[in-house]
Amino acid sequence: SILLGTSKVTGALHTTLHPFADRGLNMSKIESYPAKGSPWEFVFFVDVEGHQEDPAIRISLEEMRKRSTLFKILGSYPRGEEVL
C-alpha cells in the first residue's frame, strides 16, 4: 500500500504509475483524495499485488518515488490465503 502525489501536469498519474505496467504488476485498488491545503491537487492511495521486497516491485517503487511529489510506503503485507 502506497500514498503518492503527482505534479499538476497532464498525464502525471499515468507517468507515475507506468513502472507497474512496464513490469506487468497489478494494482488491486486506487483511490484519489483532494490534497489538504492545495486546491486542485490530489493524493492517491494505491494497493499493488506483491511485496515491496519482490525485485519487480522494489524497482518500480524506486522509479515511482523519483516521479512523485509525495511518496510513502504505508505497508507491505504477505498475501492472504484464498477462502472458498
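The values are calculated or read from the model by the stated rules, or taken from the named source; none is laboratory data. As the structure is a computational prediction, the values presented were derived from the model and not from experiment. FYI the Cβ positions are ideal-geometry reconstructions off the backbone, even for glycines, and counts take in every protein chain you see. All accessible areas refer to the heavy atoms of the entire protein, side chains included, with ligands and DNA or RNA removed. Shrake-Rupley method; radii C 1.70, N 1.55, O 1.52, S 1.80 Å.
Okay, here's what the table says:
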read-out: Within segment 28-41, tally of residues that are modelled with pLDDT under 90 and either part of a strand (DSSP E or B) or polar (S, T, N, Q) (or both); value: 1
read-out: In segment 33-48, the residues that are surrounded by 12 or more Cβ atoms within 10 Å (Cβ to Cβ) and out of contact with any Leu (no Cβ under 7 Å at 6 or more places or on another chain); value: Ala35, Ser38, Glu41, Phe42, Asp47
read-out: Matching residues, segment 49-64, being touching a strand residue (DSSP E or B) at 6+ places or on another chain (Cβ under 9 Å) and exposed (fewer than 15 other Cβ atoms within 10 Å of the Cβ); value: Glu49
read-out: Residue tally, condition crowded, with 20+ Cβ neighbours inside 10 Å and either more than 15 Å from Phe71 (Cβ to Cβ) or of a type in the set (A, V, I, L, M) (or both), over segment 3-12; value: 1
read-out: Search result, residues across segment 25-43 that are more than 14 Å from the chain's Cα centre (by Cα) and either under 18 Å from Arg58 (Cβ atoms) or without any contact (Cβ under 8 Å) to a residue 24 or more places away in the chain (or both); value: Pro34, Lys36, Gly37, Ser38, Pro39
read-out: Residue identified as more than 10 Å from Ile2 (Cβ to Cβ), touching a strand residue (DSSP E or B) at 6+ places or on another chain (Cβ under 9 Å) and part of a loop (DSSP other than H, G, I, E, B) among Leu13, Leu25; value: Leu25
read-out: Qualifying positions in segment 53-70 - touching a residue at least 12 places away in the same chain (Cβ under 8 Å), over 11 Å from the mean Cα position of the chain (by Cα) and not in a helix (DSSP H, G or I); value: Glu53, Thr69
read-out: Cross-chain or 6+ apart pairs with Cβ under 7 Å, segment 7-21 first and closer than 20 Å to Trp40 by Cβ, then assigned to a helix (DSSP H, G or I) and open to solvent by 70 Å² or more (accessible area, probe 1.4 Å); value: Thr15/Arg67; Thr16/Arg67
